Structure formats: C-alpha cells, structure tokens
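Shown next, in structure tokens, is the structure this report addresses.
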Amino acid sequence: MSARRPVIAFAMTASVRERVFPERVMRDYEAVADVAGVLTEFSSHPARAVLAQAEVLVTGWGAPRIDASVLDQAPRLEAVLHAAGTVKPYLDPVVLERGVRVSSAAAANAVPVAEYAVAMIVLAGKQVLPIARRYGRVQDEFDIEAAFPGLGNFGQRVGIIGASKIGRMVIDMLRAYSFEVVVYDPYLTEDDATALGVTSVSLDELLRTSRVVSVHAPSLPSTFDLVDAAGIASMPRGATLVNTARGEIVDQQALTRRVLAGELFAILDVTVPWILESDHPLYSSDHALLTPHIAGSYGVELERLSRAMLDELGRITRDEPLAYEVEPELLAITA
C-alpha cells in the first residue's frame, strides 16, 4: 500500500522556521506532504483558511498556542508535531483530550544537553576550571596534586538528580567512563534502576556522597528548591554541582555562599533570573562557570529537531505508531 500525502502546516516564528527548517529540510517535508502554509498566528482569515485544511501541524518555538478555539478551526487536524522540547507552553491539554496525537522532539533536543552535562562532569572531576585559572595566574609549574587532592575521575561517584529523558541519556553516556553512578528520582523503580545500571538512592545520600551532582529534574511546583539549603550544606567540600535543567530547582543563594567560600564548585547553564545581574559574584568566581543556556540545541544541532519530526511525519504517512508520542498521563510530571 502506498503512503498517503497529508496536508500539513507550519506554525512558529519566522526566525525559528528559518533556523530549524532550512530550505533543504523544507524540500524533504514537501516530498512527503502537501504544505498548506507557514503560520505565525491563528486568528487572521488566511490563517483560519490554512487551519481548515491542515491534517498535521508542525510547530516550534514561538508557535501560537493551540487550544479549543484553534481546534474548532481545524476539523481535519489529527496530529501536532512539535520540533522543540516541551509542548506545555504551546498546547492546551484539550488537544490530547480530543484525540489529536502529539509528538515532541524533546528526545532529540536532549542529546546536546546530555553531551554538555557529560563533558562538564568529566571536566569537573579533572578540576579543569580551577586548575586552568591558577595556571593562568602563575604561568609556571606548580604541585597540582597538592593543590587539588583527589583529582581525577576513576571510581568517583556521580549523582544524577532526575531520571528524565536527559538524565537517562547522561547515564547511558557515562557508561564509557569508570564512574559510580547513583540516581535520585521518586518515580524511578528498582527494576528501572537495575536496567539503567545505576543505584537508586535518597536525595540526601546523593548530595552527601557524590563528587559531582548533575541536575536533570523537570521544573515543577514540587521541584522548586529541590536542592535546598540543607542539601547544599551537606555536599562534601570540593564537590561540583552541574545544572543544565532550570535554576529554580536549586537554592541559588545557598549555593552561591558555599561557592564564594571556596567550598564547592558550580557549573551553571541556567540561573534565576535567566541572566544574572551584571555585578553578581558568580561571574568572577574561580569556583564557578556560567554559560548562557548553551546546552540545548544551537547551530547545526537544530536540524536534528526538524529531522526528528520529519521522521514522525513519515510514520503518519505510513499509518505507523509515532516514536515520540506525548502520553497524556505523563504530561503533568514532565518538563
């Protein structure tokens, strides 16, 4: 049986369409589907005319929100393919309730985040940040092992907070190293932990015993200040906290105090606020590395997102199950 050609429409900002869907990718979409239009809003008469035809909406960052009123304008809509991470800002739960299938490129977007986290975990164990800064000051040989006792990664304990898509990908990538990996996640069963090859521990134990802690929990009301002041106080001197998830998951003031005291290291790709004030002391601390949320997909990595949803579109044309379908019952506990 030959594959059908669904009618699709794109919905996102113009700049996102250009960055995530370059012309070579658009041609590949056009090879398997009929493109009704590229939308930046759903309210105008031309936009409503496109919605009336669309069987599949391909969305991205900056897409207008899809709610009941939009669904009423799109009677043929059967699927939403989101070429980015979380669908929550763009999708009212009514979409899933009405039986529209939804897929997200969250797994594809997780890849560079996991790569960044693993790179930082390895660099943290080798104490690259403080060693490089000291070397830049002295510009001469110095006793590295005396200055940085416990240097290295062999056999060291790494604590992963959150067995999310990214957390699991980090765990998988860490198999290439000789770490002991422990995980805290209240939804992780012992069977799942065994399958992942990790030990499930309490958050208290993870923070007290890990050389490097990497945060991969979703940002939810229940995870606000999950790593609280007491937990940060329990972390051993010389430990490193890596956060590529969301700043509000960590008590930033408590972390800052211990970092500035020279007791902990922090590698933060996310903070609260999103950009710290210009005189924040973490910018100049030898014990901190701040990056402007570069762990997620950028540059050449963006095409991975559009390709992932192109694969999903192919499955729709062949009447196959979606590989990355968003499950309604898990939406509340995911980012």
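Quick one: dipole size for the stretch 45-117, taken about the Cα centre, charges +1 on Lys/Arg Cβ and -1 on Asp/Glu Cβ, in debye to the nearest 20. Once rounded to the nearest 20, the dipole reads 80 debye. Within the P(r) computed for the stretch 1-41, what percentage of the Cα pairs occupies the region above 11 Å? For the stretch 1-41, the share of Cα pairs beyond 11 Å comes to 66 percent. A DSSP coil position with no more than 12 other Cβ atoms inside 10 Å describes the following chymotrypsin sites (Phe, Trp or Tyr not before Pro) in the stretch 259-318: 274, 298. Hydrophobic long helices, here whole DSSP H runs in the chain with Kyte-Doolittle means of at least 0.0 and Cα atoms spread over 20 Å or more along the helix axis, are found at 106-125.
For residue 213, nonlocal amide neighbours, meaning residues 5 or more places apart or on other chains whose placed amide H falls under 5 Å from its own, are 159, 240, 241, 242.
Take the chain and mark each of the GluC sites (Glu not before Pro) that is in a DSSP loop with at most 16 other Cβ atoms within 10 Å; the longest unmarked stretch, sites excluded, is 142-262.
Could you tell me the convex hull volume per residue, in Å³, taken over the Cα atoms of the chain?
Details: hull volume 53.7 nm³, N = 335.
That works out to 160 Å³ per residue.
Largest mean-square fluctuation among 272, 215, 80, in a Gaussian network model of the chain whose springs join Cα atoms under 10 Å apart, belongs to 272. In whole angstrom, note down how far apart the Cα centers of the stretch 119-168 and the stretch 219-276 are. The stretch 119-168 and the stretch 219-276 have Cα centres separated by 17 Å. Exposed loop sites, defined as trypsin sites (Lys or Arg not before Pro) outside DSSP H, G, I, E and B with at most 16 other Cβ atoms within 10 Å, are absent from the longest region of the chain, namely 127-236.
Rolling a 1.4 Å probe across the protein heavy atoms gives the chain an accessible surface of 47 Å² per residue.
Projecting each Cα onto the charge dipole of the stretch 1-146 (Lys/Arg +1, Asp/Glu -1 at the beta carbon, about the Cα centre), which of 138, 116, 105 comes out farthest on the positive side? Value: 105.
If the only charges are +1 at each Lys and Arg Cβ and -1 at each Asp and Glu Cβ, what is the size of the charge dipole of the stretch 140-249 around the Cα centre, to the nearest 20 debye? Don't skip to the end; give the middle numbers.
Details: 8 positive and 15 negative charges, 44 e Å.
Dipole size: approximately 220 debye.
What the phi angles of the stretch 153-161 give under the Karplus curve with 6.51, -1.76 and 1.60, with θ = phi - 60°, is a coupling list of 10, 4, x, 7, 8, 10, x, 9, 9 Hz, glycine and proline written as x.
In whole percent, and with a 1.4 Å probe on the protein chains, what portion of the accessible area of the stretch 62-135 is carbon and sulfur? Answer for the stretch 62-135: carbon and sulfur cover 55 percent of the accessible area. Evaluated with a Cβ-only charge set (Lys, Arg +1; Asp, Glu -1), the chain carries a dipole of roughly 500 debye about its Cα centre, given to the nearest 20.
The values are calculated or read from the model by the stated rules, or taken from the named source; none is laboratory data. Quick caveat: nothing in here was measured; it's all calculated off a predicted structure. Neighbour counts run over all protein chains shown; Cβ positions are idealised from the backbone, glycine included. The accessibility values were calculated without ligands, DNA or RNA, using every heavy atom of the protein model including side chains. Shrake-Rupley method; radii C 1.70, N 1.55, O 1.52, S 1.80 Å.
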